[in-house]
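Participant: Please see the structure below; I have some questions.
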Amino acid sequence: MKNKEKHNLVIAIPKGFLHDGTYKYLSRGGINFTEQSTTTRELVFYDKKNKIKGLLVRPNDVTVYVEHGSADVGIVGLDLLKEQIPDVVILKDLNFGRCKLVLAVKKNSNYKTVRDLPANSKIATKFTKLANDFIHKKGLSAEIIKLYGSVELAPIVGLSDAIIDLVATGKTLTANDLVSIETILESSAVLIANPVSFKFKRTLINSL
């Protein structure tokens with residue numbers, strides 16, 4: 001807690017897909033972590049001028065750091081917000097990092113629409129909550145298989161009939177002979193805040 005009190009604001013910064021867009025967004029707001037961001041092994045960055053600390057974390061962990069108050073604000077994909085349902089304040093759609101959560105099948109399959117999937121079909125995904133919400137909404141009978149790695153492999157080896165996964169350009173689907181048959185969610189980067197931080201640091205957070 002002592003370390004946090006030395007800074008006006010602590011920001012959870014995602015690795016991966018949203019990383020570059022996050023730095024550009026913060027830079028436009030006058031927050032500069034440039035010197036530290038080139039050192040990939042560093043996990044904590046500082047903007048000494050503005051007394052702001054940045055925490056470089058996995059995308060799935062951004063909401064955890066913000067919800068529990070280790071970070072005042074963070075930037076996360078809408079897909080993860082919908083999947084995790086954390087206790088945070090959703091402040092703004094940042095209009096970058098756009099992608100889609102889709103239902104995809106093998107290109108040479110007979111499944112052209114969701115209704116073509118067989119009864120008790122298997123769907124592999126990292127997004128189990130969103131997948132379950134989707135199959136219940138559609139009235140489907142399906143088993144959700146939780147995967148942590150390359151979901152695209154599942155239909156290829158016969159583990160599943162379909163997958164639910166994020167796509168940006170669609171190149172990964174194409175490379176693995178998969179095709180999207182339904183868009184479940186359109187996602188982009190979202191600015192979130194810890195409820196307590198937002199109450200006591202609202203002016204500073206609103207400046208973002």
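Just so you know, all these numbers are worked out from the coordinates, no wet-lab data involved. If you're wondering where the values come from, they're calculated on a predicted model, not measured in any experiment. Backbone-built Cβ (ideal geometry, glycine too); neighbour counts: all protein chains shown.
Participant: Classify segment 41-106 as rounded, prolate or oblate from the Cα gyration tensor: take a ≥ b ≥ c as the square roots of its eigenvalues, call it rounded if a/c is under 1.5, otherwise prolate when a/b beats b/c and oblate if not.
Facilitator: Details: a/c = 2.12, a/b = 1.84, b/c = 1.15.
It comes out prolate by the Cα gyration axes.
Participant: Using only Cα atoms, find the angle between the long axis of helix 128-138 and the longest principal axis of the chain, and express it within 0 to 90 degrees, rounded to the nearest 10.
Facilitator: That works out to roughly 50 degrees.
Participant: Compute the acute angle (0 to 90°) between the alpha-carbon long axis of helix 19-28 and the principal axis of greatest extent of the alpha-carbon atoms of the chain; round to the nearest 10°.
Facilitator: 40
Participant: How large is the charge dipole for the chain, taken about the Cα centre, if only the Cβ atoms of Lys, Arg (+1) and Asp, Glu (-1) carry charge, to the nearest 20 debye? Don't skip to the end; give the middle numbers.
Facilitator: On the way: 30 positive and 21 negative charges, 120 e Å.
Charge dipole of the chain: 580 debye, to the nearest 20.
Participant: Further, regarding this structure: Add -39500 (n - 2.57) for each DSSP H run of 4 or more in the chain, then divide by its residues: what number comes out at 222 nm, to the nearest 500 deg cm²/dmol? Please report the intermediate quantities before stating the final value.
Facilitator: Details: 10 runs with 62 residues, N = 208.
One gets -7000 deg cm²/dmol as the mean residue ellipticity at 222 nm.
Participant: Less than 13 Å from a label point 7 Å out along the Cα-to-Cβ axis of Glu186: which backbone N atoms in segment 88-108 qualify, by residue?
Facilitator: Residues passing the 13 Å test: 95-96, 98-101.
Participant: What fraction of the DSSP beta bridges in the chain is antiparallel, stated in percent and rounded to the nearest 5? Mind showing how you got there, number by number?
Facilitator: Working: 26 of 42 bridges.
So the antiparallel bridges in the chain amount to around 60 percent.
Participant: Of the listed peptides 15-25, 122-132, what is their order by residue-averaged count of other C-beta atoms within 10 Å, with the highest listed first?
Facilitator: Details: 15-25: 17.0, 122-132: 20.3.
Sorting 15-25, 122-132 by mean packing, highest first, produces 122-132, 15-25.
Participant: Return one quarter of the surface area of the convex hull spanned by the alpha-carbon atoms of segment 99-187, equal to its mean projected area, in nm². Could the numbers behind the result be given before it?
Facilitator: Values: hull surface 20.1 nm².
Computed as one quarter of the Cα hull surface, the answer is 5.0 nm².
Participant: With a cap of 14 neighbouring Cβ atoms within 10 Å, and only residues DSSP puts in a loop, list the chymotrypsin sites (Phe, Trp or Tyr not before Pro) found in segment 140-200. Don't jump to the answer; show the numbers that get you there.
Facilitator: Working: sites: Tyr148, Phe198, Phe200; in loops: Tyr148.
Passing both the DSSP loop test and the Cβ count: Tyr148.
Participant: So what are segment 55-208's ellipsoid semi-axes, whole angstrom, largest first, if each one is the square root of 5 times an eigenvalue of the alpha-carbon gyration tensor?
Facilitator: Working: eigenvalues 232, 43, 33 Å².
Taking √(5λ) for each eigenvalue gives 34, 15, 13 Å, largest first.
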